[in-house]
1. Restricting attention to region 37-73, report how many residues are part of a strand (DSSP E or B) and under 17 Å from SER117 (Cα atoms).
2. Please specify each residue of region 13-26 satisfying the condition of being open to solvent by 80 Å² or more (accessible area, probe 1.4 Å) and not in a loop (DSSP other than H, G, I, E, B).
3. Here is a list of conditions, (1) free of Cβ contacts under 8 Å to residues at least 40 places away in the same chain; (2) open to solvent by 50 Å² or more (accessible area, probe 1.4 Å); (3) away from the ligand (no atom under 11 Å from the Cβ), and ASP59 meets all of them except one; can you say which number that is?
4. Looking only at region 62-74, which residues are touching a residue at least 24 places away in the same chain (Cβ under 8 Å), within 14 Å of the ligand (Cβ to nearest atom) and of a type in the set (Val, Ile, Thr)?
5. Restricting the first residue to region 33-51 and requiring it to be within 25 Å of GLU76 (Cβ to Cβ) and open to solvent by less than 40 Å² (accessible area, probe 1.4 Å), which pairs with a second residue that is part of a strand (DSSP E or B) and of a type in the set (Lys, Arg) meet a Cβ separation below 7 Å and a spacing of at least six or different chains?
6. What are the pairs with Cβ atoms under 7 angstrom where one residue, in region 81-101, is exposed (fewer than 13 other Cβ atoms within 10 Å of the Cβ) and the other, located anywhere, is of a type in the set (Gly, Ala, Ser)? Sequence gap at least six, or different chains.
7. Just to be sure, is ASP118 part of a loop (DSSP other than H, G, I, E, B), of a type outside the set (S, T, N, Q), open to solvent by 40 Å² or more (accessible area, probe 1.4 Å) and within 14 Å of the ligand (Cβ to nearest atom)?
Amino acid sequence: MERTLSIIKPDGIRKNIVGEVIRRFEAAGLRVAAAKKIMMSKDTAAGFYAVHKGKFFYDELVEFMSSGPVLVMVLEGENAIALNRKLMGATNFKEAEPGTIRADFAESIQFNVVHGSDAPDTAAFEIAYFFSASEIY
Ligand code: CMP
């Protein structure tokens, strides 16, 4: 069993595809162990994406992630980190496999609908960034 952090980004919320995205996670065998809809402040978004600080897209990314509500979730299952990333598709939607969330719904490399942790250490950091242990079931 593994846990990973998933975010449905402001563009995904605006497109009203929360149910469709979660349906895909559940159909693939992942379980929603925690979920909350929040509005990230700029500071919260900046801290979450601190690993990208200094990159050319960082400021716009922080702006985008705090531009509207997001759904943050903990997904649980076997190989949850890799499975979630497979379901999302490549960061750049043009390189995403057909049938993945980003291939089907993303509009640009920035507005790519979902975020998912990329490794066990980042998953641990990202889950703890939004959830306390008592909020995860
Ligand atoms: P995410 O998987 O959340 O990780 C970092 C985010 O930065 C990425 O999805 C995109 O939303 C955004 N981003 C914008 N431009 C780029 C880029 N050129 N390369 C990678 N990520 C980018």
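The values are calculated or read from the model by the stated rules, or taken from the named source; none is laboratory data. What you see is a predicted model, and the numbers here were worked out from it, not measured in a lab. Cβ sites come from the backbone with ideal geometry, for glycine too, and all protein chains shown count toward neighbours. The accessibility values were calculated without ligands, DNA or RNA, using every heavy atom of the protein model including side chains. Shrake-Rupley method; radii C 1.70, N 1.55, O 1.52, S 1.80 Å.
1. Going through region 37-73 one residue at a time, the tally reaches 4.
2. Scanning region 13-26 gives ARG14, ARG23, GLU26.
3. Among (1) free of Cβ contacts under 8 Å to residues at least 40 places away in the same chain; (2) open to solvent by 50 Å² or more (accessible area, probe 1.4 Å); (3) away from the ligand (no atom under 11 Å from the Cβ), the lone unmet condition for ASP59 is (3).
4. VAL70, VAL72
5. Correct list of pairs: ALA33/ARG3.
6. GLU97/GLY89; GLU97/ALA103
7. Against the criterion (part of a loop (DSSP other than H, G, I, E, B), of a type outside the set (S, T, N, Q), open to solvent by 40 Å² or more (accessible area, probe 1.4 Å) and within 14 Å of the ligand (Cβ to nearest atom)), ASP118 qualifies.
Listed here are the residues, each with its yes/no results for (1) closer than 22 Å to ARG23 by Cβ; (2) at pLDDT below 95; (3) of a type in the set (Lys, Arg); (4) over 13 Å from the mean Cα position of the chain (by Cα).
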position	(1), (2), (3), (4)
LYS55	no, no, yes, yes
VAL62	no, no, no, yes
MET73	yes, no, no, no
ALA80	yes, no, no, no
PHE105	yes, no, no, yes
PHE111	yes, no, no, no
GLY116	yes, no, no, no
PHE125	no, no, no, yes
SER132	no, no, no, yes
